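Contents: one structure, followed by commentary.
The values are calculated or read from the model by the stated rules, or taken from the named source; none is laboratory data. Just so it is clear, the model here is predicted, and its values are computed rather than measured. Glycine gets a Cβ as well: all are built from the backbone with ideal geometry, and neighbour counts include every protein chain shown. Keep in mind that these areas ignore ligands, DNA and RNA; they rest on the heavy atoms of the full protein, side chains included. Shrake-Rupley method; radii C 1.70, N 1.55, O 1.52, S 1.80 Å.
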Amino acid sequence: MTGADIRTKSTASSGDTVGRPTVFVDGASGTTGLEIRQRLDRQGDVNVKSLTDDKRKDPAAKRALMAEVDLVILCLPDDAAKDTVALIDDMGAHAPKVLDASTAFRIAPDWTYGFPELTSDQADRIRAARKVANPGCYPTGSIALLRPLTDAGLIPPDYPVTINAVSGYSGGGKSMIESFEKGTAPAFELYGLGFEHKHLPETQKYANLTRRPIFAPSVGDYRQGMLVSIPLHLDTLPGQPDGAALHAALAERYAGSTYVSVMPLDNAAAKSGRIEPEALNGSNRLELHVFASDKHRQAVLVARLDNLGKGASGAAVQNMRLMLGLRDEGLD
């Protein structure tokens, strides 16, 4: 599909340019929504519409605006997202495409999962979809590491996977951001220790795991940037692979990818034995690392990304461009 194939609805604001697809960001005042709007401001081929503050919670006004646009990006809490999707479903032929950034529809059977690099045909599925669920930040790193290895049979579906992760506080919502910026939050803390983190269902499903993984997220006193790490005992895996075999499976899956890079086994982080979370901030990039010891037969898989970039807003703009048939550009 090309940009010329896109059905562009009638426009209403004086700044619109005829022929460009139109987008409405519902919930643009939150962290993800603000980041998406900033990224869209750098796009030269999309018109962005919005509601005035006094109309934001008016269902009739929202429905009227959505009838004018090609795609709606939802940056709302789960319940509000469900309400808005119900409005869209009721619009029939006038319904726009919808990209949802909440957790409400990530494992729903009639929604397409918005991780274009998931499989070789996932980007095409997103292009053809009318409803796409944007992935969570932690699942983006976890699935990127695990799915190629489960597909290759190097990690069995019932393997007892443990996922450790640390994020900047911007991923924690308004109250967490406020507590860190006021200096009342701890420097570091583990959370999600009730084993019910909202990102677990999508991680398990799209990593092709039959056994629920243990997930231990944490937050540090810095604004954004994320590391997701998965430790492995190599002798417990089928065929007892070495680090090079794990690396080769990842490299094969993401060969030619624009935004996902599998870093060399002997890169600077591997040589130093250290890796920090902020190096990709402001980008839509995702780095995958394999740290391995042939001597000890152990490995740690690590994904590095910006939790507000490839982990949220960058991914949303990438998916938006696929859904609208636009060129894959302008995300870094």
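Considering only Ile36, Ser167, Asn307, and ranking their Cα positions along the charge dipole of the chain that arises from unit charges at the beta-carbon of Lys, Arg, Asp and Glu, the one farthest toward the positive end is Ile36.
Each of Gln204, Gly153, Pro96 was placed along the dipole of the chain (beta-carbon charges, centred on the mean Cα), and the one lying farthest toward the positive end is Pro96. The residue list Thr140, Phe291, Val46 was ranked by how far each Cα lies along the charge dipole of the chain toward its positive end, using unit charges on Cβ atoms, and Val46 comes out on top.
Cross-link partners of Lys49 among aspartates and glutamates, defined as those whose alpha carbon lies under 19 angstrom from its own and excluding same-chain residues fewer than eight positions apart: Asp16, Asp26, Glu35, Asp41, Asp58, Glu68, Asp70, Asp100.
With only the Cα atoms considered, region 124-239 has a convex hull volume of 125 Å³ per residue.
Taking amide hydrogens as placed 1.01 Å from N in the peptide plane, the amide H of Ile163 sits under 5 Å from those of Ile214, Phe215, Ala216, each at least 5 positions away in sequence or on another chain.
For the residue pairs Lys57/Lys182; Lys62/Lys310; Lys57/Lys310; Lys82/Lys131, the C-alpha atoms sit more than 18 angstrom apart in Lys57/Lys182; Lys62/Lys310; Lys57/Lys310. Counting only Cβ charges, +1 for Lys and Arg and -1 for Asp and Glu, the dipole size of region 251-290 around its Cα centre is about 20 debye.
Computed from backbone phi, the HN-Hα couplings of region 50-58 come to 8, 9, 5, 4, 6, 10, 4, 9, 9 Hz, rounded to whole numbers (Karplus: 6.51 cos²θ - 1.76 cosθ + 1.60, θ = phi - 60°; Gly and Pro given as x). Ligands, DNA and RNA excluded, the heavy atoms of Glu181 present near 120 Å² of accessible surface to a 1.4 Å solvent probe. The alpha-carbon of Lys295 sits under 19 angstrom from the alpha-carbons of these lysines, leaving out residues fewer than 8 places away in its chain: Lys271.
Antiparallel beta bridges, as assigned by DSSP with both residues in region 145-223, represent about 30 percent of the total such bridges. Our coupling estimate for region 296-308, obtained by passing each phi through the Karplus curve with A = 6.51, B = -1.76, C = 1.60 and θ = phi - 60°, is 9, 6, 9, 8, 10, 8, 9, 10, 10, 7, 8, 5, 9 Hz, Gly and Pro reported as x.
Looking at the chain, send over the antiparallel percent of its DSSP beta bridges, to the nearest 5. The antiparallel proportion sits near 45 percent. What you get for region 59-181, charging only the Cβ of Lys and Arg (+1) and of Asp and Glu (-1), is a dipole of about 120 debye around the Cα centre.
Over region 239-297, the fraction of Cα-Cα pairs per 5 Å bin, rounded to whole percents and listed from the shortest bin up, is 4, 16, 25, 23, 19, 8, 3, 1. Compute the acute angle (0 to 90°) between the alpha-carbon long axis of helix 137-151 and the principal axis of greatest extent of the alpha-carbon atoms of the chain; round to the nearest 10°. The helix 137-151 is inclined about 60 degrees to the chain. Considering only Cα atoms, the convex hull volume of region 34-157 works out to 133 Å³ per residue. Excluding ligands, DNA and RNA, the accessible surface per residue across the chain is 44 Å² with a 1.4 Å probe. Here is how the number arises for the chain: DSSP H runs of 4 or more residues each give -39500 (n - 2.57), the sum is divided by the residue count, and the result at 222 nm is -8000 deg cm²/dmol. Rounded to the nearest 20 debye, the dipole size of the chain about its Cα centre is 220 debye, using +1 on the Cβ of Lys and Arg and -1 on the Cβ of Asp and Glu. Compared with the dominant principal axis of the Cα atoms in the chain, helix 78-89 is inclined by about 50°. By accessible area, using a 1.4 Å probe on protein heavy atoms only, region 218-332 has 48% of its surface on carbon and sulfur. What a 1.4 Å probe finds exposed on region 102-185 is 50% carbon and sulfur by accessible area, rounded to a whole percent. Of the whole protein surface, Lys49 contributes about 10 Å² of accessible area at a 1.4 Å probe radius. Binning the C-alpha pair distances of the chain at 20 Å intervals from 0 yields a P(r) profile of 31, 56, 13, 0 %, listed from the shortest bin outward.
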